[in-house]
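Quick notes on the structure that follows.
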Amino acid sequence: MRYSKQIKLDGFGKEAQEKLAKARVLVIGAGGLGCPALTYLAAAGLGHIGIVDHDIIEESNLPRQPLYATNDIGKAKVLVATEKLKNQNPEIEIITWQSKLSPSNALDIISGFDLVLDCTDNFEARYLINDACVILNKPWIYGAVEAWEGQVAVFNTIHKNGSKTATYRCIFPEPDLEALSCDDLGVIGTMPGTVGVLQANEAIKFITQTGKVIEGLLLMNLYTNSFQTIRIQRNEEAVSTIKTLRKNYGFVLEQTPDQISIEEFKLNPSEYFIIDIREPHEIKDQPFTMADMHIPMNQLLHQNGFDFQQWTKYLLVCAKGIRSLNTAQKLSEMHPDIHFFSLEGGVLEYFS
């Protein structure tokens with residue numbers, strides 16, 4: 001029997017397996033975290049899996065995304081992942097969205113699932129997932145990686161006494177504008193593999209009500225082989241803000257006026273003074289020749305000597321449009337009379 005080994009586990013049995021077969025889990029992101037999470041969820045017999053991802057497979061993905069092979073380069077991740085997971089376990093149902101999770105579709109997509117796994121790699125998606133899950137009263141499992149380090153947490157669940165656990169905003173109320181991504185710092189391939197497997201493991205325990213689900217924020221460093229769990233408290237003020245004051249999280253649940261789509265930009269690029277806020281090594285790897293100036297994000301935010309002109313429209317660009325959006329909003333607070341915009345999707349999407 002396919003699931004005989006896990007059914008033999010003390011405290012698991014056929015009842016737990018039946019719970020897995022009935023469960024509906026949404027995995028957002030089919031990359032470094034999503035590949036191992038999806039592989040083990042499908043193998044465990046999770047009956048209904050949703051996958052949200054808009055990316056195509058690139059050669060640089062292969063060292064840390066083992067669902068994909070060299071001959072898959074250029075194909076959509078959701079399509080390749082679905083084919084391989086169905087071949088691995090024909091008994092499961094897979095539903096896919098070959099698109100970004102966005103303000104216009106997040107609530108609709110997430111509402112159809114029991115549990116959400118955040119396997120993304122950016123703050124914009126993470127805050128969107130958190131806020132949508134809080135609004136819909138859905139539990140979700142967070143995972144993040146950077147270099148040799150990783151984090152895992154189970155958010156927005158219910159304690160045995162009926163109280164709720166923390167949310168992402170209880171730890172990080174607002175995005176860290178100066179945080180660097182894996183594109184900046186690099187990542188060892190085994191790190192997302194470890195975090196993705198742990199996310200799948202927490203999902204299996206949560207669904208089957210076996211074992212002890214992570215309480216707090218699990219921190220790990222594979223370079224030093226260190227693991228620790230930090231206790232976190234639910235911040236009801238942060239949670240109530242999400243539920244009652246939607247303007248406070250509008251940048252993830254509503255389209256922000258500070259963003260300019262690539263299509264809109266191409267209609268009249270000369271309308272903007274373009275500042276590329278990426279680091280020098282990023283610009284070298286992927287030049288954006290339309291930029292009028294190159295000023296790294298930190299320098300632009302902390303250098304007071306730059307002379308912004310009141311009637312100029314400043315368009316900020318970065319790799320994926322996340323840093324540029326956050327920076328544009330921060331600069332707008334610092335210079336309320338100046339118009340700052342962000343190129344949605346960034347340089348990577350512009351050239352895709």
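Every number in this text was worked out from the coordinates using simple rules, so none of it is lab data. If you're wondering where the values come from, they're calculated on a predicted model, not measured in any experiment. Note that each Cβ is placed from the backbone with ideal geometry, even for glycine, and that neighbours are counted across all protein chains shown.
Relative to the compact globular guide of 2.2 N^0.38 Å, what is the alpha carbon radius of gyration of the chain, as a ratio?
1.04
Along the positive direction of the dipole of the chain (beta-carbon charges: Lys, Arg +1; Asp, Glu -1; about the Cα centre), which of 42, 233, 310 reaches farthest?
Going by the Cα projections, it comes out as 42.
For a bin width of 5 Å, list the pair-distance distribution of segment 259-350 built from all Cα-Cα distances, rounded to whole %.
3, 15, 28, 29, 18, 7, 1
So if I place +1 on the C-beta of Lys and Arg and -1 on the C-beta of Asp and Glu, and nothing else carries charge, what would the dipole magnitude of the chain be about its Cα centre? I want it in debye, nearest 20.
1700
If you place +1 on the Cβ of every Lys and Arg, -1 on the Cβ of every Asp and Glu, and leave all else neutral, what size is the dipole of segment 110-171 about its Cα centre, to the nearest 20 Debye?
Values: 5 positive and 7 negative charges, 80 e Å.
The dipole magnitude comes to about 380 debye.
I'd like to know which of 321, 297, 346 lies farthest towards the positive end of the charge dipole of segment 259-350, counting +1 on Cβ of Lys and Arg and -1 on Cβ of Asp and Glu.
Projecting each Cα onto the dipole axis, the largest value belongs to 297.
Below 8 Å, C-alpha to C-alpha, sequence gap of six or more: please give me the relative contact order for the chain in percent.
For the chain, the relative contact order is 14 percent.
Evaluate the distance, in nm, between pseudo-label points positioned 7 Å from the Cα of residue 2 and of residue 309 along their respective Cα→Cβ axes.
Between residue 2 and residue 309, the simple spin-label model gives 6.5 nm.
Running a GNM on the chain with Cα contacts under 10 Å, which residue among 26, 300, 267 ends up with the highest mean-square fluctuation?
Of the options given, 267 has the highest mean-square fluctuation.
Summing Lys, Arg as +1 and Asp, Glu as -1, what charge do residues with Cβ under 11 Å from the Cβ of residue 207 carry, residue 207 excluded?
Local net charge: +1.
At residue 264 and residue 302, where each label point lies 7 Å from the Cα along Cα→Cβ, what is the point-to-point distance in nanometres?
Those two pseudo-labels are separated by 3.2 nm.
Give me the net charge of residue 65's neighbourhood, meaning all other residues with Cβ under 12 Å from the Cβ of residue 65; Lys, Arg count +1, Asp, Glu -1.
Charge balance in the 12 Å sphere: -3.
For the chain, what is the percent of antiparallel DSSP beta bridges, rounded to the nearest 5?
Rounded to the nearest five, the antiparallel share is 40 percent.
Determine, for 202, 349, the number of other Cβ atoms within 10 Å of each Cβ, and report the residues in order from fewest to most.
349, 202
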